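Colleague: Here's a structure for you.
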Amino acid sequence: MVIRLEHNFGKDGAIRRIKDQISRLLKQSFPGVTINDPQYGWAGSTLNFSFKAKKGLFSQTIRGTVEVLDKVIVITSDLPSMVKTFVGEDKVESVIKAEFQKIFA
């Protein structure tokens, strides 16, 4: 899954906004899904992240990157097939977009 989001904050401003909010994002729960064991780190202007998403009895590790460019943020993640089946890629994408729109409002 690749999500491209435009922004008007410049690379440094966008990184600052993401840094201010990433721990909150990776600790919250979403409808029917609990986030556990969040981990993240920066390599230049790229955020590497992972967490376990739990829904009912099932838990899957999700890994990805958030690449911050001057006017675009590119979020990349290979969703496990179980996540695609039980949650749906479109639902994951809509939640990610909504959360990042809050950061860049």
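Colleague: Kindly indicate the residue of segment 77-99 that is part of a helix (DSSP H, G or I) and free of Cβ contacts under 8 Å to residues at least 24 places away in the same chain and also farthest from residue 49 (Cα to Cα) among those meeting that condition.
Modeller: 85
Colleague: Being surrounded by 15 or more Cβ atoms within 10 Å (Cβ to Cβ), outside any strand (DSSP E or B) and among the charged types (D, E, K, R): is that true of residue 102 here? Lay out the reasoning, then the answer.
Modeller: Working: surrounded by 15 or more Cβ atoms within 10 Å (Cβ to Cβ): no; outside any strand (DSSP E or B): yes; among the charged types (D, E, K, R): yes.
No, not satisfied.
Conditions (1) closer than 23 Å to residue 20 by Cβ; (2) at pLDDT 85 or above, marked per residue:
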site	(1), (2)
31	no, no
39	yes, yes
46	yes, yes
61	no, yes
79	no, yes
101	yes, yes
104	yes, yes
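Colleague: Looking at residue 53, is it of a type in the set (Gly, Ala, Ser) and either within 30 Å of residue 10 (Cβ to Cβ) or in contact with a His (Cβ under 8 Å, 6 or more places away or on another chain) (or both)? Outline the logic, then answer.
Modeller: Numbers: of a type in the set (Gly, Ala, Ser): yes; either within 30 Å of residue 10 (Cβ to Cβ) or in contact with a His (Cβ under 8 Å, 6 or more places away or on another chain) (or both): no.
For residue 53, the condition - of a type in the set (Gly, Ala, Ser) and either within 30 Å of residue 10 (Cβ to Cβ) or in contact with a His (Cβ under 8 Å, 6 or more places away or on another chain) (or both) - is not met.
Colleague: Let me ask you something else. Consider residue 83 carefully, then state whether it is farther than 12 Å from residue 33 by Cβ and aliphatic (A, V, I, L, M). Spell out the reasoning first.
Modeller: Working: farther than 12 Å from residue 33 by Cβ: no; aliphatic (A, V, I, L, M): yes.
Judged against the criteria, residue 83 is not a match.
Colleague: If you go through segment 65-90 one residue at a time, how many are among the small types (Gly, Ala, Ser) and more than 19 Å from residue 42 (Cα to Cα)? Quick ask: steps written out before the conclusion?
Modeller: So in segment 65-90, the residues among the small types (Gly, Ala, Ser) come out as 77, 81, 88.
From the residues that got through so far, the ones that are more than 19 Å from residue 42 (Cα to Cα) too are 81, 88.
Total satisfying the criteria: 2.
The values are calculated or read from the model by the stated rules, or taken from the named source; none is laboratory data. These figures come from a predicted structure and were not determined experimentally. When we count neighbours, we look across all protein chains shown, and the Cβ atoms used for this are built from the backbone with ideal geometry, even at glycine.
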